[in-house]
Amino acid sequence: MIDTAVLAAVAVVLGGVVAVTPRDGRIVILGLMLAAVAASLVASPLPSSLAVTARILGALLAAYLLWAAAGSGWVKSAGSAVGPIAEGAAAAAAFGVGLTIRPVDPLAGPVVAQASGLALIALAVVPLAGRDVFRLGVGVTLLTLGCSLMVTAWSGPTPPLEQLAMAALLIGIAGATSLLVPQSELASETVVPVDSVETAGAEEAPARIPARRAPEKAAAAQPRPSDASAPARTIASAEIEEPYEWFIPTPAEPVRRRPRASTVRRVDTPKPADARKLAPKKPTRSRPDLGGKP
Amino acid sequence: MTLIAFLLICIFGMLLGLLAQPFAMLSRLVAVGSLVAALTAALLLNPNDTATLGEVQLATTRFVCFFLTALTASCLMLCIVGLVTGWPERLAPAALATFAGVGFAISATDPTVALIAAAAATAPAALVASRIRSTPLGTTVGVAELRTLALVVGASVLAAVTVLNTNWNADDPTFMIAIAFVALAAAVAVRSGAVPFHVPAALLSRSGEGLGLVLSLVWIPTGFGLVALSWGATIYGVPGDWLDRAVVAVQLVAVATLVLGAVGAMLHDEIEEVVAYSIVQDTGFILLALTARDADAAQPARLWLLAFILAKSALVAWAATASWAFGSSNLGDLRGWLRRSPILGLALVGIVLATLGWPGSDVFEARATLVRLGLPDSVHFLGTAAILLSLAYYLRLMAIGLLTPSAVVRGAAGDRPRWHPAGAEAAGQEVLAAEVAPVAVAKSAEVAPVAVATAVADPASQHADDEGPVQSHRRHVSFGHQLRVAWRLNRPLQASLLVLGIAAVAAAIAFGGFGAAGASQSGITLDQAAGPIAIPSAIDNGGEPTPEASAGASPAITFPLPPSPTPAATAATAAPSASSSASPLPSGTSGD
């Protein structure tokens with residue numbers, strides 16, 4: 001019968017590969033959660049139920065924090081530059097190395113803990129070298145999980161408080177990542193159709209505007225293509241050439257809906273600054289006939 | 001149980017503070033209330049408290065109590081300053097989370113738990129840095145924060161494993177200890193912004209964080225450094241070529257930090273940057289304490305950490321107050337600030353005293369001891385050089401303050417108590433409107449609106465009006481009215497007095513006041529856990545036997561001996577209270 005620790009170690013490595021490979025943030029978070037939950041089970045003997053519960057709750061909360069930062073949707077990782085097969089091969093190689101080397105002899109814990117820990121550390125190297133904040137947070141999480149597995153392998157069973165401290169550390173890392181992901185990066189990935197909403201004075205507003213963006217930033221944004229034609233790669237925060245602004249919560253500006261035709265006031269109302277920015281750079285339409293009035 | 005109460009207050013205070021963030025007034029109320037509660041719990045901590053949680057014993061010492069009290073008190077004082085000068089968003093919840101982690105770390109008897117908790121305590125720095133996350137600067141700072149967190153986690157775990165494990169499969173058993181030492185020193189250096197790694201600290205100082213700087217640059221490095229220093233004299237005191245080379249590398253970083261940090265503080269013109277580089281310079285002494293690897297360096301290092309927390313918190317508060325009072329943080333605009341705000345000048349003098357002391361004072365001797373034990377004899381002059389360089393940039397700040405005031409300074413309010421007629425009238429109208437309305441409405445629903453309108457529009461006319469509820473109420477509250485007007489008009493004075501108070505407390509701590517000197521004699525719990533190797537618990541607890549020692553029982557955690565101890569190391573363990581000359585690495589020669 002296969003040991004639980006071996007199965008958990010394989011799950012840890014699979015979760016790690018899933019966490020560093022895809023571009024969809026939701027899949028990345030699921031991979032991280034799988035790795036974090038399984039990492040608590042790579043031990044022999046299994047930790048107490050209290051310790052396992054703490055680690056699982058910590059993993060779930062960490063995943064939720066990242067998920068919440070992603071707006072339950074479209075935050076994207078930069079993804080792997082070499083693809084899932086190469087990442088899997090690298091993880092498998094590190095796993096094999098971890099099965100063979102003996103820096104500590106005899107090992108106080110299962111050898112698969114050392115192998116899976118080494119695999120996670122290997123997977124974390126490339127994300128840690130990048131500048132994508134979300135992917136960097138994934139790398140830090142994987143490194144932490146790898147280090148915890150190393151502790152299990154080299155020092156043996158750990159007390160429940162250590163598991164609790166590790167869970168708190170994972171939550172802290174996830175929280176820090178979710179707080180440091182640039183807001184513009186999050187917002188630029190979340191779009192909702194606003195075809196039926198139009199700012200007064202701007203007859204041809206862009207078809208879509210970012211949903212979570214401040215009004216000023218929304219006005220400055222360029223029209224985006226539809227989701228189907230949007231490029232699949234993630235825009236790194238450093239690549240976004242938008243006017244960055246201080247993240248100060250701005251009170252939501254009331255969106256003016258298009259008035260009914262019967263209630264349209266045909267007066268020369270000056271355009272709001274936002275609407276002026278939002279308006280496409282086209283030749284302005286000629287003013288409607290006002291019946292000879294100035 | 002007192003320790004558990006402190007930890008719970010910190011955790012719940014942090015959660016409540018985060019939940020209350022969308023509501024400005026409520027978040028301030030929750031933050032100040034939580035910090036007051038945490039400070040009360042820290043003051044009531046029992047120095048001999050023990051509790052077992054998750055099969056690990058948590059225990060307190062006098063120093064643990066003092067350290068946690070100093071952290072919470074400095075945070076509370078800064079938040080009160082922030083109520084006047086500008087509320088530091090998210091500082092209080094982040095600080096409370098950090099204090100909880102530090103509390104776990106310095107009270108745990110298990111090294112792995114202590115180091116993991118210390119690493120977790122560094123994560124809340126992101127809460128403060130997140131305010132600028134949508135700027136290019138914020139992205140850079142965020143990347144630096146996460147990488148620092150990765151280094152701290154890796155180094156902590158490696159150090160914990162190295163300390164616990166004796167079965168390394170290596171020819172030279174000190175090799176792994178050297179790697180762990182380098183990793184831990186690198187984590188301390190990067191987290192505290194030592195000179196090769198000072199760029200994130202400098203960037204953060206340019207981000208307008210104000211009071212929030214203190215969390216990333218002072219409190220978190222201090223807490224992590226305290227845990228990292230806890231077994232330096234025992235585990236890393238083992239002689240070995242690899243370890244000696246590692247110590248030399250850390251000494252180079254420390255020297256560069258001591259010198260170049262002060263140079264950076266002298267060359268920059270923004271007051272926040274001066275403060276940041278000043279903090280960076282003084283973190284060099286934490287690295288020196290690491291390189292000392294001597295039991296004699298433990299007490300000065302702890303005292304220095306206490307003085308560092310209070311003095312640098314006061315310096316950050318001073319900078320925030322000066323920037324707020326004069327509306328500029330540029331030293332060119334701040335010409336003549338000392339003439340306008342002499343109380344802030346006094347506060348700066350207190351901060352200098354708390355940081356440098358004078359010959360014979362506790363903090364001065366602590367710095368001198370760390371330089372003597374942490375550096376080779378040939379570079380001991382760097383201790384004096386560091387003091388002189390520090391004095392140079394402090395004197396520069398003073399000299400700029402004595403120049404002819406610039407237009408910015410002339411236009412500022414300054415420290416002098418004021419009763420400006422125009423300001424008094426404006427403030428008086430607000431107060432009068434707030435006080436008169438309820439009474440007037442209660443007494444006469446018909447007369448009140450007219451009376452209130454008259455009172456607010458022209459307070460002077462009330463002197464001629466001897467009739468009516470408004471006038472009678474005005475006479476009744478006139479003294480309180482005047483006090484409130486004076487309170488509103490003298491905000492700069494209040495802020496300056498608060499900063500002066502913080503500086504006075506810092507100076508008192510630096511000179512061993514409030515029992516700081518006695519508390520620094522006792523180590524943290526981890527020191528006592530390392531007792532079986534070199535430092536018996538009875539000696540490390542300020543000469544008072546611990547409950548375990550008095551009961552004849554061994555400590556809860558028995559540390560393994562370092563691998564292959566040499567005869568010299570064995571001799572050192574046999575004579576734990578011996579001077580540094582009997583230690584495995586003689587003082588001043590550790591890096592040679």
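The values are calculated or read from the model by the stated rules, or taken from the named source; none is laboratory data. This structure is a prediction, so every number in the text was calculated from the model and none was measured. We place every Cβ from the backbone using ideal geometry, glycine too, and count neighbours over all the protein chains shown.
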Report summary line: Within region A:9-27, the residues that are crowded, with 22+ Cβ neighbours inside 10 Å and free of Cβ contacts under 8 Å to residues at least 40 places away in the same chain are A:Gly15
Query raised in the report: Given B:Ala178, B:Ala160, which one is more than 13 Å from chain A (Cβ to nearest Cβ) and part of a helix (DSSP H, G or I)?
Result: B:Ala178
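For every residue, the table says whether it meets (1) of a type outside the set (Phe, Trp, Tyr); (2) surrounded by 24 or more Cβ atoms within 10 Å (Cβ to Cβ); (3) in contact with a strand residue (DSSP E or B) (Cβ under 7 Å, 6 or more places away or on another chain).
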site	(1), (2), (3)
B:Ala228	yes, yes, no
B:Tyr277	no, yes, no
B:Ala295	yes, yes, no
B:Gln299	yes, no, no
Query raised in the report: Within region A:78-105, restricting attention to residues that are touching a helix residue (DSSP H, G or I) at 6+ places or on another chain (Cβ under 7 Å) and within 14 Å of another protein chain (Cβ to nearest Cβ), which residue is modelled with the highest pLDDT?
Result: A:Val104
Query raised in the report: Is at least one residue of region B:381-391 within 20 Å of B:Lys312 (Cα to Cα), surrounded by 19 or more Cβ atoms within 10 Å (Cβ to Cβ) and at pLDDT 90 or above?
Result: yes
Query raised in the report: Can you find even one residue in region A:94-107 that is hydroxyl-bearing (Ser, Thr, Tyr) and part of a loop (DSSP other than H, G, I, E, B)?
Result: no
**Report entry** Residue among B:Thr291, B:Thr369, B:Thr321, B:Thr355 that is in contact (Cβ under 8 Å) with a residue 60 or more places away in the chain, among the hydroxyl-bearing types (Ser, Thr, Tyr), crowded, with 24+ Cβ neighbours inside 10 Å and under 21 Å from B:Phe66 (Cα atoms)
**Finding:** B:Thr355
Requested in this report: Might you check whether a residue that is in the same structural domain as B:Val250 (by TED's automatic domain parsing), more than 28 Å from B:Pro111 (Cα to Cα) and among the acidic types (Asp, Glu) occurs anywhere in region B:162-181?
Outcome: no
Report task. Say whether the condition of being of a type outside the set (Asp, Glu) and surrounded by fewer than 24 Cβ atoms within 10 Å (Cβ to Cβ) is met by at least one residue in region B:114-130. Result -> no
Query raised in the report: Applying the selection to region B:136-161, what residues are polar (S, T, N, Q), in contact (Cβ under 8 Å) with a residue 40 or more places away in the chain and either surrounded by fewer than 24 Cβ atoms within 10 Å (Cβ to Cβ) or touching a Pro at 6+ places or on another chain (Cβ under 9 Å) (or both)?
Result: B:Thr140, B:Thr148
**Report entry** Selection status of A:Ala108, closer than 21 Å to A:Ala86 by Cα and at pLDDT below 90
**Finding:** no
**Report entry** helices (runs of 4 or more DSSP H) within region B:82-152 that include 2 or more residues at the interface with another protein chain (Cβ under 7 Å from one of its Cβ atoms) and at pLDDT below 90
**Finding:** B:111-122, B:125-129
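Every residue, every condition in (1) in a helix (DSSP H, G or I); (2) among the polar types (S, T, N, Q); (3) closer than 24 Å to B:Ile177 by Cβ, yes or no:
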| position | (1), (2), (3) |
| --- | --- |
| B:Ser230 | no, yes, yes |
| B:Gln251 | yes, yes, yes |
| B:Leu260 | yes, no, no |
| B:Gly264 | yes, no, no |
| B:Val316 | yes, no, no |
Query raised in the report: Of all residues in region A:115-147, which are more than 7 Å from chain B (Cβ to nearest Cβ) and within 14 Å of B:Leu158 (Cβ to Cβ)?
Result: A:Gly117, A:Leu118, A:Ile121, A:Gly146
Query raised in the report: If you go through region B:323-331 one residue at a time, do you hit one that is touching a strand residue (DSSP E or B) at 6+ places or on another chain (Cβ under 7 Å) and of a type in the set (Gly, Ala, Ser)?
Result: yes
Report summary line: Every listed condition ((1) crowded, with 24+ Cβ neighbours inside 10 Å; (2) facing another protein chain (nearest Cβ under 10 Å)) holds for A:Gly156 save (1)
Query raised in the report: Taking A:Asp24, is it within 14 Å of another protein chain (Cβ to nearest Cβ), over 16 Å from A:Ile171 (Cα atoms) and acidic (Asp, Glu)?
Result: no
Query raised in the report: Can you spot a residue in region A:28-43 that is in contact (Cβ under 8 Å) with a residue 24 or more places away in the chain, more than 30 Å from A:Trp154 (Cα to Cα) and hydroxyl-bearing (Ser, Thr, Tyr)?
Result: no
